[in-house]
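K.L.:
Sending over a structure as structure tokens; questions will come in a sec.
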Amino acid sequence: MPFFLFGVDMFDVAIVGARCAGATTAMLLARHGYRVLMLERAEFPRDTLSTLLIHLRGMELLARWGLLKDVLATGCPPLTELSFSAPGIRVEGSVPAEGDARMVCAPRRYALDEVLARAAVRAGAEFRPGVSVTGLHREDGAVAGVTCRAAGGRMTVERARLVIGADGRHSTVARLVGAPYTRWDGRLTRAWYTYWSGVEGASLRLFLGAGLGGAAIPTHDGLTLINVQLPVGHPTGERAERDRLYLDLLARASPELRDAVAAGARREDRLYCCGDLPNFFRRPYGEGWALVGDAVLHKDPMGAQGIADSFEQAALLGTCLGDALGDRERSAAALGRYAAALESRFAAPYEENLLHARLAESEQVMAGLRAVQDDPRFREAFLRTLSGATEKQNEVPRMA
């Protein structure tokens, strides 16, 4: 039986996971005056699987939090132009404004997550990287902390009034509390991507074609992430065949990008093949615990909404908690408001993302896209939707 040392301090909040959801939640709660412990099993800086894009609503939150300049200072290029292409259709234009944000960007996660973790520490959070959470500490039947193991094997119990799981779609916290799925829509696509140098153009390019989808997303160091989304039932071949298959899929889905790659681009990384991309909601809270980010809501990356979603959820949780921690009844009521806010804000976008992830090219879908291409009113609204703007939600032709 392992020997656990009890931490001498009582934290208001222990957050498991220090990437987009965890670090922003820690920062906001620490800024509110709470004593926050942030635990992360990885050592930073550390990359992770991601399509990188931060939508406009996420950029606006970074600006509001005073972090947008820090993110851009990492060398991530601002993306002010975008395009969408499908067979016989092309829509392009400038990224619209959202508050103080006038661009989107796609920082490598080793850079973004470091910026966010440092912001949490500046706000007063205690950060412990290289620590794995192995269990939960309970008092009077409620979650009251975590048991964890440091890199050297030292086991400790850290007590906290609230434990927040920000540890991804395979959340340890969700598993330990038994948080049920309140909705499960399975896996719809696979994401295959890699990084290229020498791809001309500094715009965000999205595409749909041949039952496939994807994007070309400029990022750090002159590289462009080129992603192809394929239906989960599409043949994937043997591992040794996938490099060739990726190029074949890209050629079918986007002849424009095929030509851009063929014109002298060079692949700079291995091919990442991600198939574990379920769509779900989990129950977001219980006695002494809450979930945020991919731990509570995971969507197919076809819409590349995960980072902006995490930022919004962190803001919602912080706003709902307010100064309620420390009072059991008020905390429960605050977490109930958080659950209601999640449903209100994310249920409809979740449904819309499911539609996009089905990669449909029905006549109704194509007719809607042609209307977007031909009508300036629809085109402006469509560009706002692609950019992830949240205000001025003009009507876009229905494509279901």
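K.L.:
What FRET efficiency do you get for D9 and A142 if R0 is 25 Å and r is their Cβ-Cβ distance, rounded to the nearest 0.05?
P.N.:
0.85
K.L.:
A further question on this structure: Loop only per DSSP, at most 12 neighbouring Cβ atoms within 10 Å: give me the chymotrypsin sites (Phe, Trp or Tyr not before Pro) in segment 163-251, ordered by residue number.
P.N.:
Filter output for segment 163-251: empty list.
K.L.:
Expected output is a single nm value to one decimal: the length gained when fully extending between D100 and E363, i.e. 0.36 nm times separation in residues minus the C-alpha distance. What is it?
P.N.:
Residue separation times 0.36 nm, minus the Cα-Cα distance, leaves 90.9 nm.
K.L.:
Counting residues in the chain as N, plug N into 2.2 N^0.38 Å and put the Cα Rg over that result.
P.N.:
Working: Rg = 21.5 Å, N = 400, 2.2 N^0.38 = 21.4 Å.
This ratio for the chain stands at 1.00.
K.L.:
Tally the DSSP beta bridges in segment 189-274 and give the antiparallel ones as a percent, rounded to 5.
P.N.:
About 100 percent, rounded to the nearest 5.
K.L.:
Ok, one more. Pick out, in residue order, every one of the GluC sites (Glu not before Pro) in segment 165-251 that is DSSP loop and has at most 16 other C-beta atoms within 10 Å; say none if there are none. Provide the component values of the computation, followed by the final result.
P.N.:
On the way: sites: E200, E238, E241; in loops: E200, E238.
In loop regions of segment 165-251 (DSSP not H, G, I, E or B), the sparsely surrounded GluC sites (Glu not before Pro) are E200, E238.
K.L.:
How big is the antiparallel share of DSSP beta bridges in the chain, given as a percent to the nearest 5?
P.N.:
70 percent
K.L.:
Would you kindly state the longest site-free stretch of the chain, with sites defined as trypsin sites (Lys or Arg not before Pro) in a DSSP loop (not H, G, I, E, B) surrounded by at most 15 other Cβ atoms within 10 Å?
P.N.:
With a cap of 15 other Cβ atoms within 10 Å, the longest stretch comes to 271-391.
K.L.:
Continuing with the same structure: Relative to the longest principal axis of the chain, what angle (0 to 90°, nearest 10) does the C-alpha long axis of helix 363-374 take?
P.N.:
80 degrees
K.L.:
Can you list which of the GluC sites (Glu not before Pro) found in segment 36-72 are DSSP loop residues with at most 16 other C-beta atoms within 10 Å?
P.N.:
Answer by residue number: E43.
K.L.:
Binning every alpha carbon pair distance of segment 101-257 at 10 Å from zero, what are the percents per bin?
P.N.:
With a bin width of 10 Å, the distribution comes to 8, 24, 25, 24, 16, 3, 0.
K.L.:
Kindly give Rg over Rh for segment 205-286, based on alpha-carbon atoms, with the Kirkwood expression for the hydrodynamic radius.
P.N.:
With Rg and the Kirkwood Rh in hand, the quotient comes to 1.04.
K.L.:
Here is a follow-up. Extending each Cα 7 Å along its Cβ direction at Y181 and D269, get the distance between those two points in nm, one decimal.
P.N.:
Placing both labels 7 Å along Cα→Cβ, they lie 2.8 nm apart.
Each reported figure results from applying straightforward, stated rules to the coordinates on display, with no laboratory input. Computed from a predicted model, the values in this text were never measured in an experiment. Positions of Cβ are generated from backbone atoms using ideal geometry, with glycine treated the same way; all protein chains shown enter the neighbour counts.
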